[in-house]
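Here the structure comes first, spelled out in structure tokens, and everything after it is commentary.
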Amino acid sequence: PPSVSPAEAEEALRRHLEAQNLVGAEVSVKVLLGGRGWSDSGRSSASDPALNALSEAFGRDAVTLGVDGGIPFIQTLTERFPGIEPVITAVQDPSSAAHGADESVSLRTLAAAAEAEAGMLRRIAGAR
């Protein structure tokens, strides 16, 4: 869970791997970089402008997905700037192969995402 410190997560991973080692292999864990997670409900004051802009740009209803995230700098930002409401978006299509060696995104999807981001910012600016 995002509330677990990097040190606690490392120790839990170590214990889990050692407990699953049924053949007596040497198991070692060396974490090169750890970061705190963050938690988000998927709803904020920016949700409606974002969802409306995404729906308009992509031509279908957008959805939210509240997640517990492994993007450490988001937690840092929310601590440094109390009260901000991060809106995290991802640009993917069915063949994106996200984070794979052959990761890609279609130009049509990328253009719609840029349109949605601009529309979201216009809507948020207009609401203030």
*Report whether or not Asp93 is more than 22 Å from Ile124 (Cβ to Cβ) and open to solvent by less than 70 Å² (accessible area, probe 1.4 Å).*
yes
*Answer yes or no: is there a residue in the range 36-55 that is in contact (Cβ under 8 Å) with a residue 60 or more places away in the chain and touching a Gly at 6+ places or on another chain (Cβ under 6 Å).*
yes
*Note down all Cβ pairs under 6 Å where the first residue falls in the range 100-128 and is in contact (Cβ under 8 Å) with a residue 40 or more places away in the chain, the second is open to solvent by less than 70 Å² (accessible area, probe 1.4 Å) and β-branched (Val, Ile, Thr), and they're at least six residues apart or on different chains.*
Ala113/Val91
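Conditions (1) within 30 Å of Glu10 (Cα to Cα); (2) over 20 Å from the mean Cα position of the chain (by Cα), marked per residue:
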site: Val23; (1), (2): yes, yes
site: Ser47; (1), (2): no, no
site: Glu103; (1), (2): yes, no
site: Leu110; (1), (2): no, no
site: Ala116; (1), (2): no, no
*How many residues does the range 63-98 hold that are in a loop (DSSP other than H, G, I, E, B) and either in contact (Cβ under 8 Å) with a residue 40 or more places away in the chain or more than 18 Å from Ser45 (Cα to Cα) (or both)?*
15
*Those residues of the range 1-43 which are under 13 Å from Pro72 (Cβ atoms) and either touching a Cys at 6+ places or on another chain (Cβ under 7 Å) or among the basic types (Lys, Arg) (or both), in sequence order*: Arg36
*asked:* Regarding the range 12-31, can at least one residue be identified that is open to solvent by 90 Å² or more (accessible area, probe 1.4 Å), farther than 22 Å from Arg123 by Cα and aliphatic (A, V, I, L, M)?
replied: yes
_Residue that is least open to solvent (accessible area, probe 1.4 Å) [pool: residues in the range 99-125 that are over 13 Å from Ala50 (Cα atoms), part of a helix (DSSP H, G or I) and not aliphatic (A, V, I, L, M)]_ = Thr109
*Right, Ser41: over 15 Å from the mean Cα position of the chain (by Cα), in a loop (DSSP other than H, G, I, E, B), among the polar types (S, T, N, Q) and within 30 Å of Arg123 (Cβ to Cβ) or not?*
no
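The values are calculated or read from the model by the stated rules, or taken from the named source; none is laboratory data. In this text the structure is predicted, and so the values were computed from the model without any measurement. So basically every Cβ, Gly included, is an ideal-geometry build from the backbone, and we count neighbours across all protein chains shown. Only protein heavy atoms, including side chains, enter the accessible area calculation; ligands, DNA and RNA are left aside. Shrake-Rupley method; radii C 1.70, N 1.55, O 1.52, S 1.80 Å.
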